[in-house]
1. Can you order the peptides 319-326, 356-363 by their average number of other Cβ atoms within 10 Å per residue, highest first?
2. Distance between Cα centroids, segment 210-230 to segment 393-410: provide it in whole Å.
3. Trypsin sites (Lys or Arg not before Pro), restricted to segment 274-317: which are DSSP loop and have at most 11 other Cβ atoms within 10 Å?
4. Per-residue ellipticity at 222 nm for the chain, helices alone: DSSP H runs ≥ 4 residues times -39500 (n - 2.57), over residue total, nearest 500 deg cm²/dmol?
5. Relative contact order for the chain: what percent, with Cα pairs under 8 Å and sequence separation of 6 or more?
6. How would you rank 280-290, 202-212, highest first, on the average number of other Cβ atoms within 10 Å across their residues?
7. Can you work out ³J(HN,Hα) from phi for every residue in segment 432-447, in order, using Karplus 6.51 cos²θ - 1.76 cosθ + 1.60 and θ = phi - 60°, giving whole Hz and x for Gly and Pro?
8. Quick one: work out Rg over Rh on the C-alpha atoms of segment 331-450, Rh as Kirkwood radius.
Amino acid sequence: MQLSVGHRRVAVHGRRSAAAPRHRLVDALAAAAGLGLGVVVGLAVSSESSLSAPGGGLTFAGRLTGLVGAYAMLLTVLLAGRLGVLERAIGQDRLVAWHRRLAPWSLVLIGAHTVLTVLGYAQRAGTGPLHEFWSLVTTTRWMLAATVGLGLLTFVGVSSYRGARRRMSHETWWSVHLYTYLGLALAFTHQITSGAAFVAQPWARTFWIALWLGTAGVVLAYRVLLPVWRSVVHRVRVERVTEEAPGIVSLTLTGRSLHTLPLSGGQFLHWRFLRRGMWWQAHPYSVSALPAGGRLRITVKDLGDHSRALADLPVGTRVAFEGPYGAFTADRAAGRRVLAIAGGVGVTPIRTLLEELPPGSAPIVVLRATHVDDLVHDDEIEVLARRRGGFVHRLVGSRRDVHMSAATLLALAPDIAQRDVYLCGPDGLTEQAYRAAVRAGVPADRIHHETFSS
Ligand SMILES: Cc1cc2nc3c(=O)[nH]c(=O)nc-3n(C[C@H](O)[C@H](O)[C@H](O)COP(=O)(O)OP(=O)(O)OC[C@H]3O[C@@H](n4cnc5c(N)ncnc54)[C@H](O)[C@@H]3O)c2cc1C
């Protein structure tokens, strides 16, 4: 058995664990993204030849915004591309947050490209913008496809605004999101056939095509091929469904060579149960017991249609999966000692995180629940914590009675400022505990949290 809380590979009980964060690689990828932006701006500038002509300034601005917007769109897609090294080093929640922040900018830039280019061409031709737009769409090759592509991307963007998203189910929103790929595919060809930067410079055309094909390759490999391959190789099935508490069930899953999955304590996978009415949706659930003896376990609280249906899954149901993902892992800790706070079903990643803490790490675990019935796996957590020289506090009661303040945390873990803090639970509890930990003296970069909301 080899354990580590540093940035090294971790092997526990002969199981293959995920590689630790490769910060240098992530830095290199960030530098490559910055370099790529420089090349893209250079492309726009190097292909400029008619700045002083009528409409020249607008046309140049249109070209620049188009190229930078398309490049930003590719980065947006890559951030959500489930690229293993990024998922592991940064965490899916942060990648998704960056994806959401960058996406509106790329759309605005692409929209600006359309408006500026039409205005520039109209000025050059001495016609009105609407006339020029119609002429471009009807006479220039691939321009109609690009316009439809922009419409699709805008539709996806609008559907992702919080107000719109709240009104639709996760599955509807996800299905709409798939149109991003169609939108991008439709918009691609007009760039190569009409873009001044590419028509005149073959090397630029090669660079741009490679960039787009590379992005498509990453998406195909990590979002489709790898999950299919792993699902086929591991042949996961439901072995047992156990009721843990009212509305909470555990699924014991069996499979071939599960110990070879690069899975660390605290991580989650997207699970797809291959049953009628369920196979088309994949939901994220953290592993609540790491692979051992050809089995692993997930524990799920009934929060809607999918999670509720799991209680009635027949034994033997085949399961496909995507992942593992997540950076809520023991190797993120800067120090040896840990305070872990779990609310409700947020106990699942904390339970497996404990499995990977080294002996003598004296973890302090705080389990927060409204009712005593909601405390699931607390007996297992007690055993795992005690084996490592730590202990468990149970805070049961309503929010009015139990407040997660700095004073509470200091009373439970007087040396909290020297510990890494791991938080998982409902958003309200996680935010309250985060603020309390900061006030109790824990540096923000030593507070690690997993969110169960999308
Ligand atoms: C990283 C992560 C780990 C999780 N681990 C666990 C766990 O170990 N145990 C557990 O009980 N729950 C876990 N969840 C929450 C679980 O994924 C949702 O409760 C479940 O997907 C709800 O689906 P539903 O159809 O039952 O409910 P719905 O009514 O469809 O949704 C309830 C809530 O879950 C969100 N949600 C629905 N589908 C998805 C999806 N495919 N991806 C992300 N969010 C979705 C919705 O936006 C909504 O906020 C985790 C969530 C995340 C993001």
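Throughout, read-outs are computed from the coordinates displayed, never taken from laboratory work. Note that the structure is predicted; figures quoted are calculated from it, not measured. As a convention, Cβ positions derive from the backbone with ideal geometry for all residues, glycine included, and neighbour counts pool all protein chains shown.
1. Details: 319-326: 21.8, 356-363: 19.0.
Result, highest mean first: 319-326, 356-363.
2. So the separation of the two Cα centres works out to 45 Å.
3. Values: sites: Arg275, Arg276, Arg295, Arg297, Lys301, Arg308; in loops: Arg275, Arg276.
The qualifying sites are Arg276.
4. About -15500 deg cm²/dmol.
5. 14 percent
6. Those peptides, ordered most packed to least, come out 280-290, 202-212.
7. 4, 5, 4, 4, 5, 5, 4, 5, 7, x, 8, x, 4, 6, 10, 9
8. Looking at segment 331-450, the ratio lands at 0.92.
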